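One structure below.
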Amino acid sequence: MPPYTLPDLDYDFGALEPHISGTIMELHHGQHHAGYVKNANVTLGRLDEARAMEDFTRLAALERALAFNLSGHILHSIFWKNLMPKGGDRPDGELARTLDRDFGSFDKFSRQLKEVAATIMGSGWAALIWEPIGKRLLITQIYDHQSNLSQGGVPLMVIDAWEHAYYLQYRNRKGEFFEAVWHLWNWKDIAGRLEAARKLDFGLTAGPR
Ligand SMILES: [Fe+2]
């Protein structure tokens, strides 16, 4: 059994239409996400071999491959759980209160997240993260799958801004895709991630919150 496996979706490939086409979902999950899972496992195997052979000549490339593929696996796994058919609207309860506290209002939060997705140069993600030392929500622009993410930050809600996430359906109109996902958010899932992340205690200087 390899260390990482491709998780099944909680819904059919076509269940997010018309906002995300079934063709995109099938390719995105079955080819792109599956590729990251496969390559994370392959890279772990190569690291095992490198230790066994005491040959560390390719170590830097292997570490980079592990960070890229494992982060790709984790972010896609979160993205699928963040979405649901007939989702959207707005969160309530503690998630809504914390978004208001840290971003000023839900509208300011959603505007920033969409802009962060739209202004990525190259491939990347927009992510709402929980920062467990300052105990606050932040939005992060992630390059590829792993660069520019604050250490310790826990991704709660992510938008895939790679062309493979939208191009077959939206072509170069990526702003329309970044609007469309707001019909699909599973706020219950995102609120549950916040609740779990809040329990993290790094044993470092706490912020005022
Ligand atoms: Fe993707």
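One table, with the values for the structure above:
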read-out: Test: Leu138 is open to solvent by 40 Å² or more (accessible area, probe 1.4 Å), in contact with a Gly (Cβ under 8 Å, 6 or more places away or on another chain) and among the hydrophobic types (A, V, I, L, M, F, W, C); value: yes
read-out: Identity of the residue in segment 159-181, open to solvent by 30 Å² or more (accessible area, probe 1.4 Å) and more than 14 Å from the ligand (Cβ to nearest atom), that ends up nearest to Asn82 (Cα to Cα); value: Glu179
read-out: Contacts under 7 angstrom Cβ, first residue in segment 18-33 being without any contact (Cβ under 8 Å) to a residue 40 or more places away in the chain and acidic (Asp, Glu), partner away from the ligand (no atom under 14 Å from the Cβ) and open to solvent by 10 Å² or more (accessible area, probe 1.4 Å), 6 or more apart; value: Glu26/Phe13
read-out: Residues located in segment 36-71, provided they are within 16 Å of the ligand (Cβ to nearest atom), without any contact (Cβ under 8 Å) to a residue 60 or more places away in the chain and open to solvent by 20 Å² or more (accessible area, probe 1.4 Å); value: Lys38, Asn39
read-out: Thr119 over 20 Å from Met25 (Cβ atoms) and open to solvent by 30 Å² or more (accessible area, probe 1.4 Å); value: yes
read-out: Subset tally (residues that are assigned to a loop (DSSP other than H, G, I, E, B) and closer than 11 Å to Tyr11 by Cβ) for segment 79-88; value: 4
read-out: Filter result for Lys188 (of a type in the set (Lys, Arg), open to solvent by 30 Å² or more (accessible area, probe 1.4 Å) and under 20 Å from Ser105 (Cα atoms)); value: yes
read-out: Qualifying residues in segment 145-158 (those that are in a loop (DSSP other than H, G, I, E, B) and surrounded by fewer than 18 Cβ atoms within 10 Å (Cβ to Cβ)) - the one modelled with the lowest pLDDT; value: Ser150
read-out: Residue check for Ile20: in a loop (DSSP other than H, G, I, E, B), of a type in the set (A, V, I, L, M, F, W, C) and more than 21 Å from Gln146 (Cα to Cα); value: yes
read-out: Long-range neighbours under 6 Å by Cβ, at least six apart or interchain, first residue modelled with pLDDT of 95 or more within segment 75-101, second in a loop (DSSP other than H, G, I, E, B) and within 16 Å of the ligand (Cβ to nearest atom); value: Leu75/His145; Ser77/Pro7; Trp80/Leu9; Leu83/Leu184; Gly87/Leu184
read-out: Selection count where residues are open to solvent by 30 Å² or more (accessible area, probe 1.4 Å) and assigned to a loop (DSSP other than H, G, I, E, B), scope segment 89-116; value: 5
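Here's the yes/no breakdown for (1) within 16 Å of the ligand (Cβ to nearest atom); (2) within 17 Å of His19 (Cβ to Cβ):
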position: Trp80; (1), (2): yes, yes
position: Lys86; (1), (2): no, yes
position: Glu94; (1), (2): no, no
position: Gly104; (1), (2): no, no
position: Lys114; (1), (2): no, yes
position: Ser123; (1), (2): yes, no
position: Leu128; (1), (2): no, no
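The values are calculated or read from the model by the stated rules, or taken from the named source; none is laboratory data. No experiment lies behind these values; they were computed from the predicted model shown. Here Cβ is always computed from backbone atoms with ideal geometry, including for glycine, and neighbour counts include all displayed protein chains. Surface areas here come from the heavy atoms of the whole protein model, side chains and all, with no ligands, DNA or RNA. Shrake-Rupley method; radii C 1.70, N 1.55, O 1.52, S 1.80 Å.
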